[in-house]
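These notes concern the structure reproduced below.
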Amino acid sequence: MEVHGYQVPEGLLYTKEHEWAKKEGSVVKIGITDYAAKTLNDVVYVTSPKPHSTVEKSKSMGTVESIKAVSEVYSPISGTVTKVNADLDSHPELVNKSPYSEGWLVEVAPSNFATESRSLMDAGAYAAYLNTLLAK
Amino acid sequence: MPKTTQLYDYHAAHAKLTEFAGYEMPLWYTTTTEEHLAVRNASGIFDVSHMARFVAKGERATGFLEGMVPTAVQAQPLGKAFYTLLLNDRGGIIDDLIIEKLAADRYMVVVNAANAQTDMRHMMSHAPSGLTLDDLTETTAMIAVQGPGAAASLQQLADLDLSQLKRFRCAETKVAGEDALISRTGYTGEDGFEVIVYYASKSTPNGALKVWERLAATSTPCGLGARDSLRLEAGLPLHGSDIDQDTDPFEADLAWVMTAGKSGYIGADALSKYRDSGPRVIRRGLIMEAGVARHGFDILDESGSLGSVTSGTFSPLLRKGVALCKVRSDNSAYGTHVGVLVRDVRQNGAITKPPFYDELLYGWKRQKGN
């Protein structure tokens, strides 16, 4: 679905800090939402945790930097990093162009997905959250 | 409620808005990178109506301004626009500004939006009787047209032959039929103009809007994001970040505005202390090898702390971090290798003389034909 021009695809889980998580078999892909990417405007640097490092739910796992500002990325779930999107080193703009597919940040083997995913929003809830945020 | 400029309706319809110096202003229309590169390669337009504009008028206007700034005023020819500083008693910079000499007894004074009230109070407190200081901020609009294509873009609307208007000169004329003041000035490093559209106001914004929309046919509308990245790439200081009331012209690396031998202006006595020694800290440019240096980041050399970043951004042209900084003058030579703490990670950079772009290819000095 679309809210105020921002894409909010179904099937993903969302945080209030505008990250998304997508379960793909035994791993979870993580990225930032279309709203986060558009608000940053033009992403020029992405720093992500290294493979095999652990990330913790709601703790900073990296940064996404635009010309104007740098913003923290908070992990939607806890786990061990299995893959990092190396394409972003040379093409950070993928985060703007394709925030939900080519612009993914990391892939994580979750340690407690069943419990932690309950506190994340589905597309409908995130769309409603964006609506209240943008209505101000 | 934030204030708005005469062009607000256009911005609200086309741009992402942000509040700056009490004004609701465009941050970007498309992306900062696109707008930035449009100015370096072609032409961009900026609404700079938030900057405050005063006219100082009367036979004592020249003498009054002479006492306010370290640059000679009397000696300026008619039609000159010059960059200078307002200083406090300690020699600290109250603001940086452009003064345009419209007549022997009439000057346009353009100052930063964030300092408008401070500047006005400062000037009023020193104004002699018989001097009028008219605030034209609300009754005019101001549009910057910047880039190698700026002259061609503006010429389509201007009665004046712009090829006859040299850099740092100004003239009153008509633009799209509206009374206007054009100066060949700007804050991007590029050739360009700043156009004050007279008699525009929020109740009658049509004149300013007409000028803006007609310029937008040949120039890219640009927001404050690109305005900041462009002025940083050119190494131009932003008052409130890179220079302030506790920075004097020597520390600001702006001593060139001080006319040799001039005295008797506010701050002159305090600055005479530098006759024998240079400043302890100085403003410098910095290019990063990796990472983006931002305001407040620490700068290190072998002996420890060298200073700190005063403003920084990612340069869309260089694809690197560029910054302005305040460092110890004893290790501030161009080419000095330094470390910058970027969120606890030490990144390498080098003290570099701005502008940060290749002046053969970009900026107002570029070789013609590019």
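Exposed loop sites are taken as chymotrypsin sites (Phe, Trp or Tyr not before Pro) in a DSSP loop (any state but H, G, I, E or B) with at most 14 other beta carbon atoms within 10 Å; the longest stretch of chain B without one runs B:1-198.
Which of the three applies to the protein assembly as shown, rounded, prolate or oblate, going by the alpha-carbon gyration tensor with a ≥ b ≥ c and a/c under 1.5 meaning rounded? In terms of gyration-tensor shape, prolate. Choose one answer from B:S183, B:S308, B:S272: the residue with the largest mean-square fluctuation in a GNM of chain B with alpha-carbon springs under 10 Å. For chain B, modelled as a Gaussian network with Cα springs under 10 Å, the answer is B:S272. Close amide H pairs (under 5 Å, H built 1.01 Å from N) link B:T18 with B:M25, B:L27, residues at least 5 positions away or on another chain.
Leaving out same-chain residues fewer than 8 places away, which lysines sit with a Cα under 18 Å from that of A:K83? The qualifying lysines are A:K22, A:K23, A:K29, A:K50, A:K57. Which of B:T30, B:T220, B:T71 moves most in a GNM of chain B, Cα contacts under 10 Å? Checking each option, the largest mean-square fluctuation is seen for B:T30. For A:H18, the shell of other residues with beta-carbons less than 13 Å away shows a net charge of -2, using +1 for Lys and Arg and -1 for Asp and Glu. Based on C-alpha pairs under 8 angstrom that are at least 6 apart in sequence, chain A has a relative contact order of 30 percent. Using a Gaussian network model of chain B with C-alpha springs under 10 Å, which one of B:L85, B:L157, B:L360 is most mobile by mean-square fluctuation? Evaluated over chain B, the most mobile residue of the options is B:L360.
Of the residues B:A290, B:N348, B:H337, the one whose Cα sits farthest toward the positive end of the charge dipole of segment B:249-370, with +1 on the Cβ of Lys and Arg and -1 on the Cβ of Asp and Glu, is B:A290. Per residue, the solvent-accessible area of the protein assembly as shown (1.4 Å probe, heavy atoms of protein chains only, all protein chains present) comes to 42 Å². Going by the alpha-carbon gyration tensor, a ≥ b ≥ c the square roots of its eigenvalues, is segment B:178-234 rounded (a/c under 1.5) or, if a/c is not under 1.5, prolate (a/b greater than b/c) versus oblate? Since a/c reaches 1.5 and a/b is larger than b/c, the shape of segment B:178-234 is classed as prolate.
Coupling constants for segment B:295-304 follow from the phi torsions by the Karplus curve (6.51 cos²θ - 1.76 cosθ + 1.60, θ = phi - 60°), and in residue order they are 3, x, 5, 6, 10, 10, 10, 4, 8, x Hz; glycine and proline get x.
The alpha carbon centroids of segment B:131-154 and segment A:62-136 are separated by 43 Å. Using alpha-carbon positions, what is the distance between the centroids of segment B:19-37 and segment B:52-120, in Å? Between the Cα centres of segment B:19-37 and segment B:52-120 lies a distance of 28 Å. Surface calculation, 1.4 Å probe, protein heavy atoms: B:H295 sits at approximately 120 Å² accessible.
Counting only DSSP H runs of at least 4 residues, each contributing -39500 (n - 2.57), and dividing by the residue count of chain B, the helix-based mean residue ellipticity at 222 nm comes to -5000 deg cm²/dmol. Loop only per DSSP, at most 12 neighbouring Cβ atoms within 10 Å: give me the GluC sites (Glu not before Pro) in segment B:1-102, ordered by residue number. Passing sites in segment B:1-102 are B:E59. Which one, B:V327, A:A36, B:F20, is farthest towards the positive end of the dipole of the protein assembly as shown when Lys and Arg carry +1 and Asp and Glu -1 on their Cβ? It is B:V327. Mean sequence separation of contacting Cα pairs (under 8 Å, at least six apart), scaled by the length of chain B, corresponds to a relative contact order of 18 percent.
Take the accessible area of B alone and of A alone, subtract that of the pair with a 1.4 Å probe, and the total buried over both chains is about 1300 Å².
For segment A:12-135, the square roots of the Cα gyration tensor eigenvalues, ordered a ≥ b ≥ c, give a/c of at least 1.5 with a/b no greater than b/c, which places it in the oblate category. Here the protein assembly as shown carries DSSP beta bridges of which approximately 95% are antiparallel, counting only pairs with both residues inside. Restricting segment B:116-217 to trypsin sites (Lys or Arg not before Pro) that sit in a DSSP loop and have at most 15 other Cβ atoms within 10 Å of their own Cβ leaves B:K166, B:R167, B:K202.
The values are calculated or read from the model by the stated rules, or taken from the named source; none is laboratory data. This one's a predicted model, so the numbers in the text were calculated from it and none came from an experiment. Glycine gets a Cβ as well: all are built from the backbone with ideal geometry, and neighbour counts include every protein chain shown. For accessibility, only protein heavy atoms count, side chains too; no ligands or nucleic acids. Shrake-Rupley method; radii C 1.70, N 1.55, O 1.52, S 1.80 Å.
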